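Following: one structure in structure tokens, then a few remarks.
The values are calculated or read from the model by the stated rules, or taken from the named source; none is laboratory data. Keep in mind the model is a prediction, meaning the values are calculated, not measured. Virtual Cβ from ideal backbone geometry, glycine too; neighbours counted across all protein chains shown. Accessible surface areas use protein heavy atoms only, side chains included; no ligands, DNA or RNA. Shrake-Rupley method; radii C 1.70, N 1.55, O 1.52, S 1.80 Å.
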Amino acid sequence: MKIYQDLIRKMKLKGVSFDQGLTAQEMLEIESMFQFTFPMELKSFLQTAMPISGGFPHWRYALRSDKGKKMIEYKMNWPLESILSNIKNSDFWNKYWGNEPEKQEEKAQMITSLIQAAPTLIPFYLHRYIPAYANQKKIPVFSVYGIDTIHYGNNLTHYLAREFGLAVPEEFYKYLNDLIEIPFWSQMDDLSL
């Protein structure tokens, strides 16, 4: 896609390194290995070119090595683990989770169940994640650092422009209000907790 080619060119100018894009076969293997389906925007971006600088998951390396696979598994488990750690070490409780259990083990079970029922978060860069909604366009990007989970971009293009300080065409901004609600993750961003 032209928009991704332009963003990738601009990201390269900011020092981000890229490898050739993932093939359709590699995409299928990754989806099978990690049990999720790439959303259309992310799939198009990664098939155009795959970022390989520090902080980005190296999907191709994950296909070829146990170490690479474990690195991605760690990133995929990070949202749950970091939220559980924060819950254990604070009195935070989100009103959307229901009544707060008294026992720590019950809290952990409840949070684990809620996250397992929510769309899987696909690691993109550092602690930025994209929900696995296969047939949706304009999926938001979340910054996940335990209970400090916020909406960080209305879609992949908006996120990239924001994260890397990239200029995008003016007409792009008229689509930013079409934000879709992501179960559990959008509720984490609700400031009226």
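Quick look at the values:
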{"quantity": "222 nm mean residue ellipticity, helices alone, for the chain (DSSP H n ≥ 4; -39,500 (n - 2.57); rounded to 500)", "calculated": "-14000 deg cm²/dmol"}
{"quantity": "LYS2/GLU181 FRET efficiency (R0 30 Å; Cβ-Cβ; nearest 0.05)", "calculated": "0.55"}
{"quantity": "Label-to-label distance, nm, for residues given as GLU170 and GLU81 (7 Å Cα→Cβ offset)", "calculated": "4.7"}
{"quantity": "Kirkwood estimate for the chain, i.e. one over the average of 1/r between Cα atoms, Å", "calculated": "17.6"}
{"quantity": "Hits among aspartates and glutamates - C-alpha to C-alpha of LYS69 under 13 Å, sequence gap 8 or more where chains match", "calculated": "GLU29, GLU31"}
{"quantity": "Most positive-pole-ward Cα, ALA49, ASN77, TYR152, against dipole of the chain from beta carbon charges", "calculated": "ALA49"}
{"quantity": "Estimated dipole of the chain in Debye, rounded to 20 [Cβ of Lys and Arg +1, of Asp and Glu -1, Cα centre]", "calculated": "740"}
{"quantity": "Degrees between helix 66-88 axis and first principal axis of the chain (Cα, 0 to 90, nearest 10)", "calculated": "40"}
{"quantity": "Surrounding net charge for MET76, when Lys and Arg each add one and Asp and Glu each subtract one, Cβ distance under 11 Å", "calculated": "+1"}
{"quantity": "Length added when fully stretched, GLN104-ASP66, from 0.36 nm per residue minus Cα-Cα", "calculated": "10.3 nm"}
{"quantity": "Over 27 Å between alpha carbons, listed pairs LYS2/LYS138; LYS70/LYS138; LYS67/LYS95; LYS67/LYS88; LYS75/LYS138; LYS43/LYS107", "calculated": "LYS70/LYS138; LYS67/LYS95; LYS67/LYS88; LYS43/LYS107"}
{"quantity": "Highest-fluctuation residue, SER53, SER113, SER82 considered, GNM on the chain with Cα pairs under 10 Å", "calculated": "SER113"}
{"quantity": "For the chain: accessible area per residue (Å², 1.4 Å)", "calculated": "53"}
{"quantity": "Accessible carbon and sulfur surface of the chain relative to its total accessible area, %, 1.4 Å", "calculated": "49"}
